[in-house]
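Here, each number is a calculation from the coordinates, and none is a lab measurement. All values reported here derive from a predicted model rather than from experimental measurement. Methodologically, a virtual Cβ is constructed for each residue, glycine included, from the backbone with ideal geometry; neighbour enumeration extends over all protein chains shown.
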Amino acid sequence: MNWNESLRSSGPKDRDTCISVEFSRRFDHLERRFKLRSHLQRSMRTVAAVILFLLLLTPSALSFPGHKKKDAQQYGEGLIINVPLPLPEVAQAVEEVTQNTIIRGTKEYNKDEYISGAVEATSTPVFAAWKEGGTVFYKIRTGAIDPRNFKDGGDVGTLAVRYIVQPQGDKNTVLRIDALFVEDFRRTVHPSNGSVESAEYKDIQDKLAAVELVKKETADALEAKRNRLTKQNFGISGDTGVSSSNPSAVYPAENSAAHTASGSGDGAGDAAAPLAATPAVSAAGTTAATQAEIPPAPKYELSGESLQHHVADLRREVERLVKKPGAPLKSAPFHTASTVKSLEPGAEVLILISTTYWYGVETRDGDHGWVRRDQLEAVP
């Protein structure tokens, strides 16, 4: 019998009692469900509040390991690279970059391309003293305003770039570049994200490429000049016994008579003798080999006086003397290029290349390099 049937079969008094009991039972059931739902909602709100609190308190707690690794690589790693060139050339290029008064890869204002006003320095408190060998260069810019590409920057301070050049054998060099920004007030150190180091190395790389290009062009021009001087000015061909690669052939014979008589001498005498010795050697060789008639003398075999005039004219055209107090022989046509050697006043050089401000020359010792035009004078 269900509740409705029991209610109809009972009296009025029992019916009221049953209704009250049933109502109370259902009300209690609903109340328990409501309380359970409210408890669950409060629990969920509490859990959500705890999670939010943890996120705000320790945001790095839920960061992934890969993010930390990426951040560590992005800031403060600097740049280390192996350059396939000898240390003197790399050090020269680095020194020129430290003297260019600009720092690339960063800027103070959006309209800028780089930060200017930097100066070369021998040391800076921004970096700890370097004790691992090599040559160290610095370039600093004081009063830099919030330079870009430095972690958490935002104040005025000193921007410093350090270049370390270390030899690796005779033909390779290790180059290390680091950049830091230090605030003037709080002294907080901000590492670079690598932009400064990469941009500065690009500048160094461009200078090294320019030097290598000049070296190649100089070598090609030297060879072409030797061949032209040998064939055109002296009329010497490849079968006369005189090598076109001997740069000393353009210098006049000195004390050739004494040298011929003695049959011996130092290297300078041997280099100066080809003009006088070539016809005799050719004639003797031909007689010994074939006993044939000696061929006519080449066109450059003139009378002694004519040949001397020819040599004198040639010397005035292609030779120069170093002015007092002497001049440095540079490895490239730049004032900041490395010095190959120092030339004494009055030293003779052979002009191989002529530019607006520089001569590409060769010395009597066979050294090649560049000398400023105003440091040389014509042969009297």
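Pairs to check: LYS202/LYS225; LYS171/LYS225; LYS202/LYS323. Give those whose C-alpha atoms are more than 31 Å from each other in this structure.
Values: LYS202/LYS225 34 Å; LYS171/LYS225 29 Å; LYS202/LYS323 38 Å.
Over 31 Å apart, Cα to Cα: LYS202/LYS225; LYS202/LYS323.
Gain on full extension, evaluated as 0.36 nm per residue between VAL50 and ASN110 minus their Cα-Cα distance, stands at 17.3 nm. In this label model, SER342 and ASN172 are separated by 3.6 nm, measuring between points 7 Å along each Cα→Cβ vector. Obtain the nm distance between the two label points defined at ARG372 and ASP155 by a simple spin-label model: each point lies 7 Å from its Cα along the Cα-to-C-beta direction. Computed distance between label sites ARG372 and ASP155 equals 4.6 nm.
Can you tell me the relative contact order of region 90-202? Whole percent, Cα pairs under 8 Å, sequence separation 6 or more. Value for region 90-202: 24 percent. Compute the FRET efficiency between ARG37 and LEU57 as 1/(1 + (r/R0)^6), taking r as their Cβ-Cβ distance and R0 = 30 Å, and round to the nearest 0.05. Using R0 = 30 Å, I get an efficiency of 0.50. Taking region 136-172 and a reference point 7 angstrom along Cα→Cβ of THR101, the backbone N atoms nearer than 15 Å belong to 140-142.
Straightening the chain between VAL379 and TRP130 buys 84.5 nm, computed as 0.36 nm per residue apart minus the Cα-Cα spacing. Residue pairs exceeding 32 angstrom between C-alpha atoms, taken from LYS131/LYS207; LYS107/LYS216; LYS151/LYS215: LYS107/LYS216; LYS151/LYS215.
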